[in-house]
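Working notes for the structure below.
The values are calculated or read from the model by the stated rules, or taken from the named source; none is laboratory data. These numbers were taken from a predicted model, which means no experiment stands behind them. Note that each Cβ is placed from the backbone with ideal geometry, even for glycine, and that neighbours are counted across all protein chains shown.
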Amino acid sequence: MNVKTMLLSAAATALVAASATADPITLRIQTHYATEHPTGKMLAIWIDDVQTMSGGDITIEMFYSSSVVATTETFDAAINGIVDCDATGGAYQTGKNPAFQFVGDIMGGYDTPWQQYSWLYYGDGYAAAQELYNAQGMQLIGWSIYGQESLSSSKPLAGFADLEGWKFRSPPGMETEIFQELGASPIVMDFTEIFTALETGIIDGADASGLANNVGLGLYDIVKHATYPGFHSMPSDHLACNKDVWDGMTEQQRRIIDTAWQKLSFQIALSNEKANAEAAAKLQAEGVTLYDWSAEDRAEFRRGAQVAWEDWGSRSPEAGKILESHKTYLRALGLIQ
């Protein structure tokens, strides 16, 4: 046997031995999505991808619909070992550190999911965010972004001027501050109250979700105006794991999970883009008016949003650091000055 053959044989033996000694793992992960939700169904495909690519070396036990702890408590449950990973979103953790706002939804920043993904992978975003997660004993694996949300309204929303005095359902936090700054009248209310509030005229419109999801909610049975594509909000979900659990995996296991998550992330964005386009065509055929804001109006909204960004960025050193990372990349894209 020559030297080259001996070396190749030794390497193959070592690889087999390493594979044989790697401990199979079971990851317990909680998501807020239900099994029948489109994202829930895609998470099931991700689970199958991971389990198949690992040859059964990784098993995932997914807890859907926040069945172990409340959605907002998932992150802490992963930190404390009740589950291993959190598949909800960073925006739920702004109480821990305001910087989580800038990994959950920067509000009015990027125009497309692809720009926002690009910040994470090519704009210093992953390193900036990872420092924030690691400080909590967690490891950020990646995002999933379904795209821009739409505003639904009983009144025209053709541009920036139509926000003046517009009463709408808003989630709490930075969004409320932005729209107040721009002259609108955001009203914080639970998601379940939107339909009745629209019917009774308590609100003129709502920030609920993307266009296709709003169709599913039945909002356009009541209101006949919407922004599309949206511009004001593009939330990101995350996969974040207990850092000790993550560090305890083999490099092969980590690569499989990361690669499969990137596939899931991009397919979520693609599938929602298709669903929203189909919903837009259907709504227009039914007489709903859709408003694609001009570049000038979008820029005006983004300038107003930056007032809130700066406030939130001053609330912790980590928030300021991640905000600066976003702003540097947004300038490179020509989206802010």
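For the range 40-90, name all the residues that are over 22 Å from TYR133 (Cα atoms), of a type outside the set (S, T, N, Q) and over 22 Å from the mean Cα position of the chain (by Cα). Matches in the range 40-90: MET53, GLY55, GLY56, ASP57, ILE58. With respect to (1) out of contact with any helix residue (DSSP H, G or I) (no Cβ under 7 Å at 6 or more places or on another chain); (2) small (Gly, Ala, Ser); (3) closer than 18 Å to GLY205 by Cβ, the lone exception for ALA279 is condition (1). Could you tell me whether any residue of the range 149-169 is surrounded by fewer than 18 Cβ atoms within 10 Å (Cβ to Cβ), in the same structural domain as TRP309 (by TED's automatic domain parsing) and among the aromatic types (Phe, Trp, Tyr)? No - not one qualifying residue is present in the range 149-169.
Counting only helices (runs of 4 or more DSSP H) that sit completely within the range 238-337, those holding 1 or more residues that are closer than 25 Å to CYS85 by Cβ correspond to 243-247, 251-285, 317-332. The condition of being among the basic types (Lys, Arg), over 25 Å from THR94 (Cβ atoms) and surrounded by fewer than 21 Cβ atoms within 10 Å (Cβ to Cβ) holds for only one of LYS243, LYS274, that being LYS274.
Scan the range 174-186 and give yes if some residue there is of a type in the set (Gly, Ala, Ser), in contact with a Lys or Arg (Cβ under 9 Å, 6 or more places away or on another chain) and assigned to a loop (DSSP other than H, G, I, E, B), otherwise no. So far as the range 174-186 goes, yes, one or more of its residues are of a type in the set (Gly, Ala, Ser), in contact with a Lys or Arg (Cβ under 9 Å, 6 or more places away or on another chain) and assigned to a loop (DSSP other than H, G, I, E, B). For the range 106-148, how many residues are buried (at least 23 other Cβ atoms within 10 Å of the Cβ) and at positive phi? Residues meeting the conditions: 3.
Among the residues of the range 67-105, those that are within 17 Å of ILE47 (Cβ to Cβ) and surrounded by fewer than 19 Cβ atoms within 10 Å (Cβ to Cβ) comprise SER67, VAL68. Of the residues LEU283, LEU264, the single one that is within 30 Å of ILE25 (Cα to Cα), aliphatic (A, V, I, L, M) and crowded, with 19+ Cβ neighbours inside 10 Å is LEU264.
Can you find a residue in the range 156-173 that is hydroxyl-bearing (Ser, Thr, Tyr) and either closer than 20 Å to GLU324 by Cα or at pLDDT below 95 (or both)?
yes
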